[in-house]
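S.K.: One structure, as structure tokens, below. Some questions next.
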Amino acid sequence: MKVAIVQNPEEGSRLAASIFIDQVKQNPKTVLGLATGSTPVKMYKLLAEACKAGTVSFKDCQSFNLDEYLGLAPEHDQSYHYFMKTQLFDHIDIDQAKTHVPDGLATDIAASCQAYEDAIKAAGGIDIQLLGIGSDGHIAFNEPGCSLACRTHSQVLTQQTINDNARLFFQGRVDEVPTQAVTMGIGSIMDAKKVVLLAFGKGKQDAIAGLVEGPVTAMCPCSALQYHNDCIVICDEEAAGKLRNKDYYKYIFSQTGVSNA
Ligand code: GLP
């Protein structure tokens with residue numbers, strides 16, 4: 001695992017955007033794995049700017065998102081369908097028919113999850129997966145205690161996640177947040193060829209310490225990424241605040257840059 005400690009979210013977003021742009025330039029048919037949350041917003045803005053400037057084109061890409069709230073229609077302003085459309089898809093040249101977000105309204109959830117896994121496989125697998133991280137160590141919506149081998153499934157959210165995400169819902173109300181989601185599993189995420197995880201702010205300190213230096217445990221699902229052979233964690237100084245080997249990671253990064261994750 002490579003750890004890039006940046007001065008601020010702006011620098012981290014620029015670094016992440018450059019990794020995605022290089023990837024798509026190298027392989028215009030890249031299968032993108034995409035994430036939601038406030039963390040990637042700036043990075044998506046940079047991708048949109050690069051696309052408008054003609055630096056990169058996503059017209060031959062496909063995309064798969066990590067997760068969606070159960071019970072929210074794509075038009076709901078807090079659905080991840082809506083987020084992706086308004087934050088990224090409407091601003092780049094991707095063919096929106098080739099963008100995929102799990103179905104939060106599926107009646108047969110198991111069949112819908114299987115179909116999602118099958119679609120990823122049929123696309124040839126995810127080439128590059130973007131991740132945020134929850135303050136409880138979740139990635140996508142894989143909450144503490146989940147199987148580290150799980151595939152796309154429905155997940156009951158922890159109270160911590162519901163509280164964290166309530167700020168984005170109507171009047172910041174906790175009772176507006178769905179209690180379950182459908183999410184790619186840790187096993188699905190581990191299959192991505194490359195992983196780029198972004199974390200900004202003090203609220204992510206414990207999760208980042210668990211991810212990079214903690215034991216691999218279902219109690220901190222992101223820690224499974226220690227077994228991924230091409231994963232870069234981009235965090236700001238605040239999110240890196242509890243890393244014991246911080247100076248060493250900085251030294252490595254100064255020597256090798258983003259390669260050799
Ligand atoms: C949600 C999403 C995660 C995301 C997390 C962090 O729970 N399911 O994919 O990483 O929020 O969100 P934020 O970036 O807003 O801190």
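S.K.: To check you understand DSSP bridge types, tell me what percent of the beta bridges within the chain (both residues inside) are antiparallel, rounded to 5. Could the numbers behind the result be given before it?
M.R.: Numbers: 9 of 31 bridges.
Here the share of antiparallel DSSP bridges comes out near 30 percent.
S.K.: Roughly how many Å is it from the Cα centre of region 214-261 to that of region 102-140, as a whole number?
M.R.: Region 214-261 and region 102-140 have Cα centres spaced 23 Å from each other.
S.K.: While we're looking at this one, here's another question. Between GLU176, GLU11, GLU237, which gets the highest mean-square fluctuation from a Gaussian network model of the chain, Cα cutoff 10 Å?
M.R.: GLU176
S.K.: Turning to a different aspect of this structure: Given R₀ = 25 Å, what would the calculated FRET efficiency be for ASP175 paired with ASP90, taking r from the Cβ atoms and rounding to 0.05? Numbers along the way, then the final one.
M.R.: Working: r = 30 Å, r/R0 = 1.20.
Using R0 = 25 Å, I get an efficiency of 0.25.
S.K.: Rounded to the nearest 20 Debye, what is the dipole magnitude of region 80-213 about its Cα centre when Lys and Arg each give +1 and Asp and Glu each give -1 at the C-beta? Intermediate values should be presented prior to the final figure.
M.R.: Numbers: 10 positive and 16 negative charges, 47 e Å.
Here region 80-213 has a charge dipole of around 220 debye.
S.K.: Using a/c under 1.5 as the rounded threshold, could you call the chain rounded, prolate or oblate? The axes a ≥ b ≥ c are square roots of the C-alpha gyration tensor eigenvalues, and prolate needs a/b larger than b/c, oblate otherwise. List each step's numbers first, then the result.
M.R.: Values: a/c = 1.41, a/b = 1.11, b/c = 1.27.
It is rounded, given that a/c, with a ≥ b ≥ c, falls under 1.5.
S.K.: Right, something else. Note down the magnitude of the dipole of the chain about its Cα centre, charges +1 on Lys and Arg C-beta and -1 on Asp and Glu C-beta and zero elsewhere, to the nearest 20 debye. Intermediate results must be reported in sequence, preceding the final value.
M.R.: Values: 22 positive and 30 negative charges, 141 e Å.
The dipole magnitude comes to about 680 debye.
S.K.: A follow-up question, please. Just name one of GLN62, ILE234, TYR251: the one whose Cα is farthest towards the positive end of the charge dipole of the chain (beta-carbon charges, Lys/Arg +1, Asp/Glu -1).
M.R.: Toward the positive end, the furthest listed residue is TYR251.
S.K.: What does a probe at LEU148 reach in region 217-246, counting residues whose amide N is under 12 Å from the point 7 Å along Cα→Cβ?
M.R.: Answer for region 217-246: 217-228.
S.K.: Another question about this same structure. Connecting C-alpha atoms closer than 10 Å in a GNM of the chain, tell me which of THR86, THR161, THR217 has the biggest fluctuation.
M.R.: Largest GNM mean-square fluctuation: THR86.
S.K.: With the dipole of the chain worked out from charges on the C-beta (+1 for Lys and Arg, -1 for Asp and Glu) around the Cα centre, which of GLY104, SER154, THR217 lies farthest toward the positive end?
M.R.: Most positive-ward Cα: THR217.
S.K.: If Lys and Arg each add +1 and Asp and Glu each add -1, what is the summed charge of the other residues whose beta carbon sits under 14 Å from the beta carbon of LEU243? Numbers along the way, then the final one.
M.R.: On the way: positive: LYS2, LYS202, LYS204, LYS242, ARG244, LYS246, LYS250; negative: ASP206, GLU213, ASP236, GLU237, GLU238, ASP247.
Taking every other residue near LEU243 into account, the sum is +1.
S.K.: Tell me which of SER188, LEU131, ILE5 sits at the most positive position along the dipole axis of the chain, charges placed on C-beta atoms (Lys, Arg +1; Asp, Glu -1).
M.R.: ILE5
S.K.: Evaluate region 25-114: find the radius of gyration of its Cα atoms, find its Kirkwood radius, and give the ratio Rg to Rh. Mind dumping the intermediate values first?
M.R.: On the way: Rg = 13.6 Å, Rh = 13.8 Å.
Checking Rg against Rh, the ratio lands at 0.99.
S.K.: Out of ASP67, ASP90, ASP103, any idea which swings most in a Gaussian network model of the chain, alpha carbons joined below 10 Å?
M.R.: Ranking ASP67, ASP90, ASP103 by mean-square fluctuation puts ASP90 first.
Since every read-out is calculated from the coordinates, none of them should be taken as a lab result. Computed from a predicted model, the values in this text were never measured in an experiment. When we count neighbours, we look across all protein chains shown, and the Cβ atoms used for this are built from the backbone with ideal geometry, even at glycine.
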